[in-house]
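Just below is one structure, and these are the notes that go with it.
The values are calculated or read from the model by the stated rules, or taken from the named source; none is laboratory data. Keep in mind the model is a prediction, meaning the values are calculated, not measured. Here the Cβ positions follow ideal geometry from the backbone for every residue, glycine too, while neighbour counts run over all protein chains shown.
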(Lines give C-alpha, C1' and ligand atoms only; values in the text may rest on other atoms or scores of the structure.)
Protein backbone atom coordinates (compact mmCIF):
# COMPACT_ATOMS: atom_id res chain seq x y z
CA UNK A 1 0.00 0.00 0.00
CA UNK A 2 1.14 3.55 -0.76
CA UNK A 3 1.66 5.46 2.50
CA UNK A 4 -0.72 8.40 2.87
CA UNK A 5 0.89 11.85 2.71
CA UNK A 6 0.62 13.54 6.10
CA UNK A 7 -1.45 16.71 6.32
CA UNK A 8 1.00 19.62 6.13
CA UNK A 9 0.56 22.55 8.46
CA UNK A 10 -0.34 25.69 6.52
CA UNK A 11 2.27 28.33 7.35
CA UNK A 12 2.18 30.52 4.25
CA UNK A 13 -0.60 31.55 1.88
CA UNK A 14 -0.36 33.23 -1.52
CA UNK A 15 -3.37 35.34 -2.47
CA UNK A 16 -4.01 36.82 -5.93
CA UNK A 17 -7.65 37.39 -6.75
CA UNK A 18 -9.67 39.35 -9.26
CA UNK A 19 -12.96 38.77 -7.40
CA UNK A 20 -12.35 40.34 -3.96
CA UNK A 21 -15.50 38.86 -2.43
CA UNK A 22 -14.66 37.44 1.00
CA UNK A 23 -10.97 38.32 0.66
CA UNK A 24 -10.58 40.49 3.75
CA UNK A 25 -12.48 38.02 5.94
CA UNK A 26 -10.27 35.19 4.67
CA UNK A 27 -7.13 37.27 5.23
CA UNK A 28 -8.16 38.05 8.79
CA UNK A 29 -8.90 34.42 9.52
CA UNK A 30 -5.56 33.25 8.12
CA UNK A 31 -3.66 35.95 9.99
CA UNK A 32 -5.37 34.99 13.26
CA UNK A 33 -4.06 31.46 12.75
CA UNK A 34 -0.50 32.78 12.38
CA UNK A 35 -0.36 32.14 8.61
CA UNK A 36 1.88 34.51 6.64
CA UNK A 37 0.11 36.35 3.82
CA UNK A 38 1.81 36.89 0.45
CA UNK A 39 -0.16 38.86 -2.14
CA UNK A 40 0.17 40.73 -5.41
CA UNK A 41 -1.08 44.04 -6.76
CA UNK A 42 -4.66 44.92 -5.92
CA UNK A 43 -5.02 41.91 -3.63
CA UNK A 44 -2.14 43.15 -1.46
CA UNK A 45 -3.62 46.66 -1.43
CA UNK A 46 -7.02 45.38 -0.28
CA UNK A 47 -5.46 43.39 2.56
CA UNK A 48 -3.23 46.26 3.61
CA UNK A 49 -6.21 48.59 3.65
CA UNK A 50 -7.74 46.20 6.20
CA UNK A 51 -4.57 46.62 8.36
CA UNK A 52 -3.32 43.10 7.65
CA UNK A 53 0.44 42.44 7.34
CA UNK A 54 1.25 41.38 3.79
CA UNK A 55 4.44 40.43 1.97
CA UNK A 56 4.10 41.77 -1.56
CA UNK A 57 5.04 39.42 -4.39
CA UNK A 58 7.38 42.02 -5.87
CA UNK A 59 9.31 42.18 -2.58
CA UNK A 60 9.44 38.40 -2.29
CA UNK A 61 10.76 37.91 -5.82
CA UNK A 62 12.89 41.08 -5.85
CA UNK A 63 11.34 41.64 -9.29
CA UNK A 64 8.91 44.47 -9.96
CA UNK A 65 5.63 43.94 -11.81
CA UNK A 66 6.22 44.67 -15.46
CA UNK A 67 4.55 44.92 -18.85
CA UNK A 68 1.57 46.68 -17.32
CA UNK A 69 1.01 43.90 -14.79
CA UNK A 70 1.25 41.05 -17.30
CA UNK A 71 4.28 39.66 -15.44
CA UNK A 72 4.26 39.51 -11.65
CA UNK A 73 3.84 35.95 -10.31
CA UNK A 74 5.70 34.09 -13.07
CA UNK A 75 8.85 33.60 -11.00
CA UNK A 76 10.78 30.62 -9.48
CA UNK A 77 10.26 31.93 -5.95
CA UNK A 78 6.51 31.64 -6.53
CA UNK A 79 6.25 28.46 -8.54
CA UNK A 80 9.16 26.81 -6.75
CA UNK A 81 7.41 27.45 -3.43
CA UNK A 82 4.19 25.93 -4.78
CA UNK A 83 5.59 22.95 -6.70
CA UNK A 84 8.26 21.78 -4.26
CA UNK A 85 7.86 18.19 -3.07
CA UNK A 86 8.59 18.44 0.62
CA UNK A 87 9.57 14.80 0.97
CA UNK A 88 12.33 14.96 -1.70
CA UNK A 89 15.76 15.91 -0.45
CA UNK A 90 16.72 17.18 -3.92
CA UNK A 91 13.73 19.58 -3.98
CA UNK A 92 14.57 20.83 -0.49
CA UNK A 93 18.17 21.39 -1.58
CA UNK A 94 17.07 23.37 -4.63
CA UNK A 95 14.84 25.52 -2.44
CA UNK A 96 17.66 26.22 0.01
CA UNK A 97 20.12 27.05 -2.76
CA UNK A 98 17.67 29.53 -4.33
CA UNK A 99 16.25 31.01 -1.13
CA UNK A 100 12.76 29.67 -1.84
CA UNK A 101 10.23 29.19 0.96
CA UNK A 102 7.30 26.79 0.61
CA UNK A 103 3.78 28.06 -0.12
CA UNK A 104 1.11 25.88 1.47
CA UNK A 105 -2.12 27.56 0.40
CA UNK A 106 -2.85 29.25 -2.93
CA UNK A 107 -5.91 31.50 -3.20
CA UNK A 108 -6.47 32.57 -6.80
CA UNK A 109 -9.38 33.48 -9.01
CA UNK A 110 -9.04 34.63 -12.58
CA UNK A 111 -9.53 37.73 -14.68
CA UNK A 112 -13.23 37.92 -15.62
CA UNK A 113 -12.87 36.74 -19.20
CA UNK A 114 -16.35 35.20 -19.46
CA UNK A 115 -18.07 38.31 -18.09
CA UNK A 116 -16.03 40.53 -20.41
CA UNK A 117 -16.88 38.69 -23.64
CA UNK A 118 -20.55 38.44 -22.59
CA UNK A 119 -20.82 42.19 -23.16
CA UNK A 120 -21.96 42.98 -26.68
CA UNK A 121 -19.58 45.91 -27.14
CA UNK A 122 -16.38 44.12 -26.03
CA UNK A 123 -13.56 44.42 -28.56
CA UNK A 124 -11.16 41.60 -29.34
CA UNK A 125 -8.30 43.61 -27.78
CA UNK A 126 -10.29 44.04 -24.55
CA UNK A 127 -11.07 40.33 -24.48
CA UNK A 128 -7.44 39.35 -25.01
CA UNK A 129 -6.32 41.52 -22.08
CA UNK A 130 -8.68 39.54 -19.84
CA UNK A 131 -6.90 36.25 -20.64
CA UNK A 132 -5.20 35.42 -17.33
CA UNK A 133 -1.76 33.81 -17.55
CA UNK A 134 -0.24 33.86 -14.08
CA UNK A 135 -3.48 32.87 -12.37
CA UNK A 136 -4.05 29.58 -14.22
CA UNK A 137 -0.33 28.78 -13.85
CA UNK A 138 -0.49 29.13 -10.07
CA UNK A 139 -3.77 27.21 -9.88
CA UNK A 140 -2.41 24.34 -11.94
CA UNK A 141 0.85 24.26 -9.97
CA UNK A 142 -0.98 24.09 -6.65
CA UNK A 143 -3.50 21.54 -7.90
CA UNK A 144 -0.72 19.35 -9.30
CA UNK A 145 1.07 19.43 -5.94
CA UNK A 146 -2.07 18.85 -3.88
CA UNK A 147 -0.15 16.28 -1.83
CA UNK A 148 1.36 19.31 -0.10
CA UNK A 149 -0.59 22.40 -1.21
CA UNK A 150 -4.24 23.44 -1.02
CA UNK A 151 -5.76 25.65 -3.72
CA UNK A 152 -8.84 27.83 -3.40
CA UNK A 153 -10.52 29.15 -6.56
CA UNK A 154 -14.02 29.86 -5.23
CA UNK A 155 -14.84 32.44 -2.52
CA UNK A 156 -17.74 30.24 -1.45
CA UNK A 157 -15.16 27.76 -0.10
CA UNK A 158 -13.33 30.27 2.14
CA UNK A 159 -15.49 29.86 5.23
CA UNK A 160 -15.33 26.06 5.24
CA UNK A 161 -11.56 25.99 4.76
CA UNK A 162 -11.02 28.52 7.56
CA UNK A 163 -13.14 26.39 9.85
CA UNK A 164 -11.14 23.24 9.02
CA UNK A 165 -7.89 25.10 9.65
CA UNK A 166 -9.19 26.25 13.04
CA UNK A 167 -10.44 22.80 13.98
CA UNK A 168 -7.23 21.03 12.89
CA UNK A 169 -4.57 23.36 14.28
CA UNK A 170 -3.73 24.82 10.88
CA UNK A 171 -3.84 21.61 8.83
CA UNK A 172 -5.97 20.57 5.87
CA UNK A 173 -6.80 16.91 5.27
CA UNK A 174 -5.58 15.19 2.12
CA UNK A 175 -9.21 14.56 1.12
CA UNK A 176 -9.83 18.31 1.31
CA UNK A 177 -6.78 19.09 -0.83
CA UNK A 178 -7.82 16.48 -3.38
CA UNK A 179 -11.35 17.90 -3.56
CA UNK A 180 -10.02 21.42 -4.02
CA UNK A 181 -7.60 20.24 -6.72
CA UNK A 182 -10.43 18.70 -8.73
CA UNK A 183 -12.39 21.94 -8.46
CA UNK A 184 -9.31 23.92 -9.51
CA UNK A 185 -8.76 21.88 -12.66
CA UNK A 186 -12.47 22.15 -13.41
CA UNK A 187 -12.14 25.93 -13.24
CA UNK A 188 -9.08 26.15 -15.50
CA UNK A 189 -10.71 23.76 -17.99
CA UNK A 190 -13.84 25.93 -18.13
CA UNK A 191 -11.73 29.07 -18.44
CA UNK A 192 -9.70 27.68 -21.33
CA UNK A 193 -12.87 26.44 -23.01
CA UNK A 194 -14.38 29.92 -22.77
CA UNK A 195 -11.28 31.47 -24.34
CA UNK A 196 -11.18 28.85 -27.08
CA UNK A 197 -14.88 29.28 -27.78
CA UNK A 198 -14.62 33.05 -28.05
CA UNK A 199 -11.56 33.04 -30.31
CA UNK A 200 -12.97 30.23 -32.46
CA UNK A 201 -16.16 32.24 -33.00
CA UNK A 202 -14.06 35.26 -33.92
CA UNK A 203 -12.16 33.26 -36.52
CA UNK A 204 -15.04 31.22 -37.91
CA UNK A 205 -16.04 32.19 -41.45
CA UNK A 206 -19.46 33.81 -41.52
CA UNK A 207 -20.84 31.03 -43.69
CA UNK A 208 -19.81 28.38 -41.13
CA UNK A 209 -20.70 29.24 -37.52
CA UNK A 210 -19.56 25.85 -36.20
CA UNK A 211 -16.02 25.63 -34.78
CA UNK A 212 -13.76 22.75 -35.87
CA UNK A 213 -13.68 21.56 -32.25
CA UNK A 214 -16.60 21.86 -29.86
CA UNK A 215 -15.81 22.51 -26.21
CA UNK A 216 -18.66 22.21 -23.72
CA UNK A 217 -17.97 23.35 -20.17
CA UNK A 218 -20.97 23.73 -17.87
CA UNK A 219 -21.10 23.83 -14.10
CA UNK A 220 -23.45 21.46 -12.33
CA UNK A 221 -26.45 23.52 -11.27
CA UNK A 222 -28.30 20.86 -9.30
CA UNK A 223 -28.82 17.11 -8.99
CA UNK A 224 -32.23 15.87 -10.12
CA UNK A 225 -34.24 13.23 -8.30
CA UNK A 226 -34.08 11.02 -11.39
CA UNK A 227 -34.23 11.20 -15.17
CA UNK A 228 -37.10 10.42 -17.51
CA UNK A 229 -37.76 7.31 -15.41
CA UNK A 230 -36.98 6.51 -11.76
CA UNK A 231 -34.18 4.07 -12.64
CA UNK A 232 -32.23 6.79 -14.52
CA UNK A 233 -29.98 9.21 -12.63
CA UNK A 234 -29.86 12.85 -13.79
CA UNK A 235 -28.54 16.35 -13.11
CA UNK A 236 -28.94 19.79 -14.65
CA UNK A 237 -25.95 21.86 -15.80
CA UNK A 238 -25.45 25.46 -16.85
CA UNK A 239 -27.49 28.59 -16.11
CA UNK A 240 -30.96 27.06 -16.53
CA UNK A 241 -31.98 28.00 -12.99
CA UNK A 242 -31.01 31.61 -13.63
CA UNK A 243 -33.61 31.69 -16.41
CA UNK A 244 -36.32 29.69 -14.66
CA UNK A 245 -36.58 30.44 -10.94
CA UNK A 246 -38.72 28.11 -8.82
CA UNK A 247 -40.94 29.97 -6.35
CA UNK A 248 -42.83 27.10 -4.77
CA UNK A 249 -43.29 23.35 -4.79
CA UNK A 250 -41.12 20.30 -5.19
CA UNK A 251 -37.82 20.53 -7.03
CA UNK A 252 -38.10 20.58 -10.81
CA UNK A 253 -37.59 17.13 -12.29
CA UNK A 254 -35.85 16.11 -15.51
CA UNK A 255 -39.19 15.80 -17.30
CA UNK A 256 -40.39 19.11 -15.85
CA UNK A 257 -37.33 20.89 -17.28
CA UNK A 258 -37.81 19.31 -20.71
CA UNK A 259 -41.42 20.49 -20.65
CA UNK A 260 -40.40 23.94 -19.39
CA UNK A 261 -38.01 24.31 -22.32
CA UNK A 262 -40.78 23.44 -24.78
CA UNK A 263 -43.14 25.85 -23.03
CA UNK A 264 -40.65 28.72 -23.15
CA UNK A 265 -39.92 28.17 -26.85
CA UNK A 266 -43.67 28.25 -27.56
CA UNK A 267 -44.61 31.30 -25.50
CA UNK A 268 -41.75 33.40 -26.90
CA UNK A 269 -43.60 33.34 -30.24
CA UNK A 270 -46.33 35.53 -28.71
CA UNK A 271 -45.55 39.16 -27.90
CA UNK A 272 -47.17 40.14 -24.58
CA UNK A 273 -47.59 43.64 -25.99
CA UNK A 274 -49.99 42.32 -28.63
CA UNK A 275 -52.23 40.17 -26.46
CA UNK A 276 -52.20 37.82 -23.51
CA UNK A 277 -51.28 34.28 -24.54
CA UNK A 278 -51.38 31.02 -22.61
CA UNK A 279 -50.05 27.64 -23.65
CA UNK A 280 -50.91 24.29 -22.11
CA UNK A 281 -48.37 21.53 -22.74
CA UNK A 282 -48.20 17.83 -22.00
CA UNK A 283 -45.29 15.53 -22.72
CA UNK A 284 -43.23 18.27 -24.35
CA UNK A 285 -45.87 19.34 -26.88
CA UNK A 286 -48.71 21.88 -26.93
CA UNK A 287 -52.21 20.55 -26.38
CA UNK A 288 -53.86 23.97 -26.43
CA UNK A 289 -52.91 27.60 -27.02
CA UNK A 290 -55.11 30.66 -26.64
CA UNK A 291 -54.86 34.44 -26.91
CA UNK A 292 -57.10 37.08 -25.40
CA UNK A 293 -57.50 40.41 -23.68
CA UNK A 294 -56.29 38.90 -20.40
CA UNK A 295 -54.59 35.67 -19.24
CA UNK A 296 -57.84 34.12 -18.00
CA UNK A 297 -59.52 34.52 -21.38
CA UNK A 298 -56.44 33.16 -23.12
CA UNK A 299 -56.34 30.14 -20.79
CA UNK A 300 -60.02 29.34 -21.27
CA UNK A 301 -59.52 29.33 -25.03
CA UNK A 302 -56.46 27.10 -24.73
CA UNK A 303 -58.18 24.72 -22.31
CA UNK A 304 -61.18 24.29 -24.60
CA UNK A 305 -58.94 22.77 -27.27
CA UNK A 306 -58.43 19.63 -25.21
CA UNK A 307 -60.02 19.49 -21.73
CA UNK A 308 -58.55 16.01 -21.09
CA UNK A 309 -54.81 16.66 -21.43
CA UNK A 310 -54.16 19.64 -19.11
CA UNK A 311 -54.41 17.39 -16.02
CA UNK A 312 -50.84 17.00 -14.78
CA UNK A 313 -49.55 19.31 -17.51
CA UNK A 314 -47.73 22.61 -17.86
CA UNK A 315 -49.36 26.04 -18.11
CA UNK A 316 -47.33 29.02 -19.31
CA UNK A 317 -48.43 32.63 -19.71
CA UNK A 318 -46.69 35.49 -21.49
CA UNK A 319 -48.04 38.00 -18.95
CA UNK A 320 -48.26 38.09 -15.15
CA UNK A 321 -50.21 35.21 -13.58
CA UNK A 322 -53.15 37.10 -12.04
CA UNK A 323 -55.81 36.00 -9.58
CA UNK A 324 -58.43 35.29 -12.24
CA UNK A 325 -56.13 32.87 -14.03
CA UNK A 326 -54.99 31.35 -10.74
CA UNK A 327 -58.57 30.61 -9.64
CA UNK A 328 -59.36 28.93 -12.94
CA UNK A 329 -56.17 26.85 -13.07
CA UNK A 330 -56.63 25.86 -9.41
CA UNK A 331 -59.62 23.73 -10.37
CA UNK A 332 -57.41 20.95 -11.79
CA UNK A 333 -54.03 19.49 -10.89
CA UNK A 334 -51.16 20.93 -12.91
CA UNK A 335 -47.46 20.05 -12.54
CA UNK A 336 -45.87 23.41 -13.34
CA UNK A 337 -47.20 26.95 -13.75
CA UNK A 338 -44.86 29.40 -15.49
CA UNK A 339 -45.07 33.15 -16.03
CA UNK A 340 -42.79 36.20 -16.11
CA UNK A 341 -44.31 37.15 -12.72
CA UNK A 342 -47.09 36.20 -10.30
CA UNK A 343 -49.41 38.71 -8.67
CA UNK A 344 -49.29 38.51 -4.87
CA UNK A 345 -52.89 37.31 -4.44
CA UNK A 346 -52.45 34.71 -7.18
CA UNK A 347 -49.27 33.47 -5.54
CA UNK A 348 -50.97 33.18 -2.15
CA UNK A 349 -53.74 31.03 -3.66
CA UNK A 350 -51.50 28.82 -5.77
CA UNK A 351 -49.08 28.12 -2.90
CA UNK A 352 -51.83 26.31 -0.99
CA UNK A 353 -51.11 23.16 -2.99
CA UNK A 354 -47.67 22.04 -1.87
CA UNK A 355 -46.89 19.76 -4.82
CA UNK A 356 -47.64 22.34 -7.49
CA UNK A 357 -44.49 23.93 -8.90
CA UNK A 358 -44.56 27.68 -9.55
CA UNK A 359 -41.81 29.07 -11.77
CA UNK A 360 -40.88 32.58 -12.89
CA UNK A 361 -39.04 32.86 -16.21
CA UNK A 362 -36.71 35.71 -17.17
CA UNK A 363 -37.16 36.38 -20.91
CA UNK A 364 -34.34 38.93 -20.91
CA UNK A 365 -31.89 36.19 -19.88
CA UNK A 366 -32.80 33.84 -22.73
CA UNK A 367 -30.38 33.70 -25.66
CA UNK A 368 -32.49 32.31 -28.48
CA UNK A 369 -29.41 32.15 -30.72
CA UNK A 370 -27.71 29.43 -28.63
CA UNK A 371 -26.89 26.26 -30.56
CA UNK A 372 -29.09 23.23 -29.99
CA UNK A 373 -27.35 19.98 -29.10
CA UNK A 374 -28.57 16.42 -29.32
CA UNK A 375 -26.64 13.39 -28.19
CA UNK A 376 -26.18 10.48 -30.60
CA UNK A 377 -24.05 7.37 -30.17
CA UNK A 378 -20.46 8.39 -30.68
CA UNK A 379 -20.97 12.14 -30.85
CA UNK A 380 -23.20 15.18 -30.82
CA UNK A 381 -25.49 16.80 -33.36
CA UNK A 382 -25.34 20.59 -33.25
CA UNK A 383 -27.63 22.99 -35.07
CA UNK A 384 -28.70 26.59 -35.08
CA UNK A 385 -32.00 27.06 -33.23
CA UNK A 386 -35.18 27.45 -35.23
CA UNK A 387 -35.98 31.06 -34.37
CA UNK A 388 -37.42 31.89 -37.78
CA UNK A 389 -41.01 33.09 -37.89
CA UNK A 390 -42.43 33.96 -41.26
CA UNK A 391 -44.90 36.79 -41.83
CA UNK A 392 -47.88 34.69 -42.81
CA UNK A 393 -49.92 37.77 -43.66
CA UNK A 394 -47.40 38.58 -46.39
CA UNK A 395 -46.87 35.00 -47.57
CA UNK A 396 -47.94 34.33 -51.18
CA UNK A 397 -51.36 32.84 -51.71
CA UNK A 398 -51.00 30.05 -54.28
CA UNK A 399 -54.72 29.47 -54.81
CA UNK A 400 -57.31 31.36 -56.80
CA UNK A 401 -59.10 32.38 -53.62
CA UNK A 402 -57.07 34.57 -51.27
CA UNK A 403 -57.50 34.37 -47.47
CA UNK A 404 -59.59 37.08 -45.88
CA UNK A 405 -58.42 39.15 -42.89
CA UNK A 406 -59.90 36.80 -40.27
CA UNK A 407 -58.34 33.77 -41.98
CA UNK A 408 -54.96 35.49 -42.16
CA UNK A 409 -55.03 36.17 -38.42
CA UNK A 410 -55.93 32.54 -37.78
CA UNK A 411 -53.25 31.26 -40.17
CA UNK A 412 -50.65 33.39 -38.41
CA UNK A 413 -51.74 32.07 -35.01
CA UNK A 414 -51.75 28.45 -36.15
CA UNK A 415 -48.35 28.77 -37.83
CA UNK A 416 -46.79 29.97 -34.55
CA UNK A 417 -48.21 26.96 -32.73
CA UNK A 418 -47.50 24.29 -35.38
CA UNK A 419 -43.80 25.13 -35.23
CA UNK A 420 -43.75 23.73 -31.66
CA UNK A 421 -45.82 20.60 -32.23
CA UNK A 422 -43.95 17.39 -32.94
CA UNK A 423 -43.92 16.37 -36.60
CA UNK A 424 -46.07 15.48 -38.38
CA UNK A 425 -47.87 18.54 -36.97
CA UNK A 426 -51.41 19.59 -37.80
CA UNK A 427 -53.16 22.47 -36.02
CA UNK A 428 -56.81 23.45 -36.59
CA UNK A 429 -57.44 26.90 -35.15
CA UNK A 430 -59.24 30.22 -35.21
CA UNK A 431 -57.73 33.71 -34.90
CA UNK A 432 -57.19 33.41 -31.14
CA UNK A 433 -57.32 29.74 -30.19
CA UNK A 434 -56.39 26.25 -31.20
CA UNK A 435 -59.27 23.89 -31.94
CA UNK A 436 -57.45 20.65 -32.65
CA UNK A 437 -53.76 19.78 -32.29
CA UNK A 438 -52.00 16.60 -33.36
CA UNK A 439 -48.29 15.84 -33.46
CA UNK A 440 -46.04 12.84 -33.72
CA UNK A 441 -48.17 10.96 -36.25
CA UNK A 442 -46.30 8.84 -38.79
CA UNK A 443 -48.26 10.25 -41.72
CA UNK A 444 -49.69 13.70 -42.30
CA UNK A 445 -53.15 12.46 -43.24
CA UNK A 446 -53.27 10.46 -39.98
CA UNK A 447 -52.43 13.68 -38.08
CA UNK A 448 -55.36 15.42 -39.81
CA UNK A 449 -57.71 12.56 -38.92
CA UNK A 450 -56.54 12.49 -35.29
CA UNK A 451 -56.84 16.26 -34.87
CA UNK A 452 -60.31 16.29 -36.45
CA UNK A 453 -61.49 13.36 -34.34
CA UNK A 454 -60.22 14.85 -31.07
CA UNK A 455 -61.94 18.15 -31.86
CA UNK A 456 -65.22 16.32 -32.55
CA UNK A 457 -64.95 14.31 -29.32
CA UNK A 458 -64.48 17.39 -27.12
CA UNK A 459 -67.10 19.41 -29.00
CA UNK A 460 -64.96 21.86 -30.97
CA UNK A 461 -66.67 22.86 -34.20
CA UNK A 462 -64.10 23.07 -37.02
CA UNK A 463 -66.44 24.83 -39.43
CA UNK A 464 -64.69 27.99 -40.61
CA UNK A 465 -61.37 27.01 -39.04
CA UNK A 466 -57.96 27.14 -40.70
CA UNK A 467 -55.20 24.53 -40.74
CA UNK A 468 -51.46 24.91 -40.21
CA UNK A 469 -49.12 22.14 -41.33
CA UNK A 470 -45.45 22.24 -40.28
CA UNK A 471 -44.35 20.65 -43.57
CA UNK A 472 -45.88 20.21 -47.01
CA UNK A 473 -48.85 18.01 -47.83
CA UNK A 474 -47.30 15.22 -49.91
CA UNK A 475 -50.69 14.24 -51.35
CA UNK A 476 -54.10 15.95 -51.63
CA UNK A 477 -55.72 13.50 -49.17
CA UNK A 478 -54.68 15.37 -46.02
CA UNK A 479 -55.91 18.65 -47.44
CA UNK A 480 -59.21 17.09 -48.56
CA UNK A 481 -59.78 15.61 -45.10
CA UNK A 482 -59.11 18.98 -43.43
CA UNK A 483 -61.56 20.76 -45.74
CA UNK A 484 -64.21 18.09 -45.18
CA UNK A 485 -63.82 18.75 -41.45
CA UNK A 486 -64.62 22.45 -42.01
CA UNK A 487 -61.32 24.21 -42.75
CA UNK A 488 -61.47 27.14 -45.18
CA UNK A 489 -57.78 28.06 -45.41
CA UNK A 490 -54.39 26.37 -45.08
CA UNK A 491 -50.84 27.50 -44.35
CA UNK A 492 -47.96 25.21 -45.23
CA UNK A 493 -44.36 25.64 -46.44
CA UNK A 494 -44.84 24.07 -49.87
CA UNK A 495 -41.96 22.33 -51.59
CA UNK A 496 -43.53 18.99 -52.53
CA UNK A 497 -43.13 17.49 -55.97
CA UNK A 498 -46.93 17.30 -55.91
CA UNK A 499 -47.52 20.94 -54.97
CA UNK A 500 -49.42 21.59 -58.20
CA UNK A 501 -51.68 18.63 -57.50
CA UNK A 502 -52.37 19.89 -53.95
CA UNK A 503 -52.99 23.46 -55.19
CA UNK A 504 -55.41 22.12 -57.81
CA UNK A 505 -57.29 20.24 -55.06
CA UNK A 506 -57.48 23.43 -52.98
CA UNK A 507 -58.88 25.37 -55.96
CA UNK A 508 -61.37 22.62 -56.65
CA UNK A 509 -62.52 22.79 -53.01
CA UNK A 510 -62.67 26.60 -53.04
CA UNK A 511 -60.28 27.19 -50.13
CA UNK A 512 -57.37 29.62 -49.72
CA UNK A 513 -53.82 28.36 -49.26
CA UNK A 514 -50.56 30.21 -48.57
CA UNK A 515 -46.99 28.93 -48.82
CA UNK A 516 -44.42 30.24 -46.33
CA UNK A 517 -41.42 28.61 -48.00
CA UNK A 518 -40.01 27.49 -44.62
CA UNK A 519 -40.46 24.09 -42.98
CA UNK A 520 -40.56 23.73 -39.17
CA UNK A 521 -39.97 20.07 -38.36
CA UNK A 522 -39.69 19.25 -34.66
CA UNK A 523 -38.46 15.70 -34.21
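Taken as a whole, the structure leaves residue 395 outside the set of residues that are free of Cβ contacts under 8 Å to residues at least 60 places away in the same chain and under 23 Å from residue 499 (Cα atoms). Just to be sure I understand, how many residues within segment 160-181 are in contact (Cβ under 8 Å) with a residue 12 or more places away in the chain and in a helix (DSSP H, G or I)? Residues in segment 160-181 being in contact (Cβ under 8 Å) with a residue 12 or more places away in the chain and in a helix (DSSP H, G or I): 11 in total. State yes or no: is residue 121 outside any helix (DSSP H, G or I) and farther than 27 Å from residue 25 by Cα? Taking the combined requirement at face value, the residue satisfies it.
Suppose we keep only residues that are farther than 20 Å from residue 259 by Cα and over 29 Å from the mean Cα position of the chain (by Cα) within segment 300-333. Which one would you say is surrounded by the fewest Cβ atoms within 10 Å (Cβ to Cβ)? Residue satisfying both the conditions and the ranking: 331.
Can you say whether residue 441 is over 22 Å from residue 506 (Cα atoms) and over 33 Å from the mean Cα position of the chain (by Cα), as far as the supplied structure shows?
no
Listed by position, the helices (runs of 4 or more DSSP H) inside segment 1-91 whose residues that are at pLDDT 90 or above, in contact with a strand residue (DSSP E or B) (Cβ under 6 Å, 6 or more places away or on another chain) and closer than 17 Å to residue 109 by Cβ number at least 1 are 23-32, 41-49. When segment 426-438 is filtered for residues that are within 15 Å of residue 482 (Cβ to Cβ) and in contact with a strand residue (DSSP E or B) (Cβ under 7 Å, 6 or more places away or on another chain), the ones remaining, listed by number, are 426, 427, 428, 429, 434, 435, 436, 437, 438. With respect to residue 422, determine if the residue is in a helix (DSSP H, G or I) and over 21 Å from residue 511 (Cα atoms). In short, no.
Is it true that some residue in segment 409-416 is at pLDDT below 95 and surrounded by 24 or more Cβ atoms within 10 Å (Cβ to Cβ)?
Within segment 409-416, the subset at pLDDT below 95 is none.
No, every residue in segment 409-416 fails to be at pLDDT below 95 and surrounded by 24 or more Cβ atoms within 10 Å (Cβ to Cβ).
Looking at residue 487, is it in contact (Cβ under 8 Å) with a residue 60 or more places away in the chain, surrounded by 24 or more Cβ atoms within 10 Å (Cβ to Cβ) and at negative phi? Taking the combined requirement at face value, the residue does not satisfy it.
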